[in-house]
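Everything on this sheet refers to the single structure shown next.
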Amino acid sequence: IGALGPAKRRDRLLRDLKEVEGVHPTEQEWTRVRGPVGLDIGAENAPEIAAAIVAEILALRTGRDGGVLSRRDAPIHDPVSRAGT
């Protein structure tokens, strides 16, 4: 789950969910809430914010941190298994 806006807003939403709505997620479930959601690319408008969110999703799916490629010391692509060759 991703929450837009500052971390204080996320914390308030989660607190209200617990205190007002009576929802009691586990600690593991709490840590899955991302907020503010998105990579820090300086996004200001809706399309930029959407791109930042999609970029974070892709980074999480691939186990990357979303850093700048030109500053990466390792290869930009993971080695492909060459089984059977």
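The values are calculated or read from the model by the stated rules, or taken from the named source; none is laboratory data. Remember, it's a predicted structure, so these values are computed and weren't measured experimentally. Counting neighbours? That spans all protein chains shown, and the Cβs are built from the backbone with ideal geometry, glycine included. Accessible surface is based on the protein model in full, side chains and every heavy atom, while ligands, DNA and RNA are left aside. Shrake-Rupley method; radii C 1.70, N 1.55, O 1.52, S 1.80 Å.
Take Leu58 and decide whether it is assigned to a helix (DSSP H, G or I) and open to solvent by less than 50 Å² (accessible area, probe 1.4 Å).
no
Quick grid of which residues meet (1) touching a Leu at 6+ places or on another chain (Cβ under 8 Å); (2) at pLDDT 90 or above; (3) closer than 28 Å to Asp78 by Cα; (4) open to solvent by 80 Å² or more (accessible area, probe 1.4 Å):
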site: Asp11; (1), (2), (3), (4): no, no, no, no
site: Val23; (1), (2), (3), (4): yes, no, no, no
site: Glu27; (1), (2), (3), (4): no, no, no, yes
site: Ile41; (1), (2), (3), (4): no, yes, yes, yes
- Mind counting the residues in the range 21-52 that are more than 23 Å from Val68 (Cα to Cα) and in a helix (DSSP H, G or I)? 5
- Query: Looking at (1) open to solvent by less than 40 Å² (accessible area, probe 1.4 Å); (2) at pLDDT 90 or above, which is the one condition that is false for Val33?
  - Reply: (2)
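A quick yes/no check of all residues on (1) basic (Lys, Arg); (2) under 23 Å from Arg61 (Cα atoms); (3) under 15 Å from the mean Cα position of the chain (by Cα):
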site: Arg12; (1), (2), (3): yes, no, no
site: Glu27; (1), (2), (3): no, yes, no
site: Val37; (1), (2), (3): no, yes, yes
site: Pro47; (1), (2), (3): no, yes, no
- Item | Residues of the range 6-20 that turn out to be farther than 26 Å from Ile49 by Cβ and outside any helix (DSSP H, G or I), as a count | 1
